[in-house]
Amino acid sequence: MIKSVKVVIILLIISLSAWVIYHAGRLAIADVIHYPVKSWIESVDANEPVSGAELDKAEDKILRSISFNPDNAEYQEYLGRIHYLRAIGNFHDGSLFQENIQKAYLAHKQAIKLRPKWPYSWANLALIKSHQQQLDVEYLYAVNQAVRFGPWEISSNEALVQAGFNGWLKLSKNSQQITIDALVRIYQQTPKAARKLLAHYSAQDTVCPLLTLEKFKKDKICSNNLIVTPS
């Protein structure tokens with residue numbers, strides 16, 4: 001009897017060990033597959049054209065990672081960014097743009113579900129909503145969550161600034177100020193990135209007069225844009 005119990009215990013231990021090894025192996029494979037996608041995403045400029053072949057390759061890899069580890073929020077986040085890049089690349093094709101921006105929205109929602117305190121997903125959700133011109137309660141909540149969980153995260157703040165500039169005229173004064181605050185935080189860490197955002201959206205005339213950080217207000221991006229009126 002005792003011998004039989006020992007055999008059962010040993011078999012259970014072996015089975016458990018095999019399951020752990022199998023599961024750990026799947027997670028390791030998923031991580032190895034996703035790493036090139038992570039590096040590629042971080043190197044891409046969303047304002048520059050990205051080839052369909054590059055997007056297809058990245059999407060294929062990240063979907064394989066998700067198939068091995070569907071509960072990984074980071075993989076869902078990268079999937080959302082890939083769909084976003086594809087949407088921006090098809091900006092002039094209304095149906096393709098909407099199809100991919102919606103896929104990006106769903107991927108970021110899934111990432112938030114899996115990791116609710118990750119500021120990047122909240123900020124990117126706000127960015128997606130701004131492209132859909134849905135500056136609603138969900139948009140405002142996403143902005144607030146991004147600020148709450150990652151006030152000094154550069155990429156999170158960049159997404160918030162882009163979202164704010166996309167919907168600037170429809171935002172309340174408070175929401176506009178949140179956008180400016182995010183831009184100022186970027187400037188305090190990487191002035192070049194803040195200048196690039198202002199220039200890309202041609203927002204100097206609108207934003208520079210509202211700045212309270214003197215160093216930023218006197219920066220070349222603002223001072224070179226001052227309009228000199230005749231005396």
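The values are calculated or read from the model by the stated rules, or taken from the named source; none is laboratory data. Note that this is a predicted model, so its numbers are computed, not measured. Positions of Cβ are generated from backbone atoms using ideal geometry, with glycine treated the same way; all protein chains shown enter the neighbour counts.
Return a yes/no flag: does region 197-205 have any residue that is closer than 21 Å to ASN47 by Cβ and touching a Cys at 6+ places or on another chain (Cβ under 9 Å). The answer is yes; a qualifying residue exists. Of all residues in region 194-220, those being in a helix (DSSP H, G or I) and either in contact with a Pro (Cβ under 6 Å, 6 or more places away or on another chain) or not acidic (Asp, Glu) (or both) number 17. Quick one: would you say GLN162 is surrounded by fewer than 17 Cβ atoms within 10 Å (Cβ to Cβ) and out of contact with any strand residue (DSSP E or B) (no Cβ under 7 Å at 6 or more places or on another chain)? Spelling it out, it is not the case that GLN162 is surrounded by fewer than 17 Cβ atoms within 10 Å (Cβ to Cβ) and out of contact with any strand residue (DSSP E or B) (no Cβ under 7 Å at 6 or more places or on another chain). Return a yes/no flag: does region 18-33 have any residue that is out of contact with any Pro (no Cβ under 6 Å at 6 or more places or on another chain) and at pLDDT 80 or above. Within region 18-33, not a single residue is out of contact with any Pro (no Cβ under 6 Å at 6 or more places or on another chain) and at pLDDT 80 or above. Do we have ILE154 as in contact with a Ser or Thr (Cβ under 7 Å, 6 or more places away or on another chain) and among the β-branched types (Val, Ile, Thr) here? So ILE154 passes the test.
For region 38-49, the count of residues that are touching a helix residue (DSSP H, G or I) at 6+ places or on another chain (Cβ under 8 Å), under 21 Å from ALA159 (Cα atoms), modelled with pLDDT of 75 or more and charged (D, E, K, R) is nonzero. State whether the residues of region 135-142 include one that is within 16 Å of HIS108 (Cα to Cα) and surrounded by fewer than 17 Cβ atoms within 10 Å (Cβ to Cβ). Looking through region 135-142, at least one residue is within 16 Å of HIS108 (Cα to Cα) and surrounded by fewer than 17 Cβ atoms within 10 Å (Cβ to Cβ).
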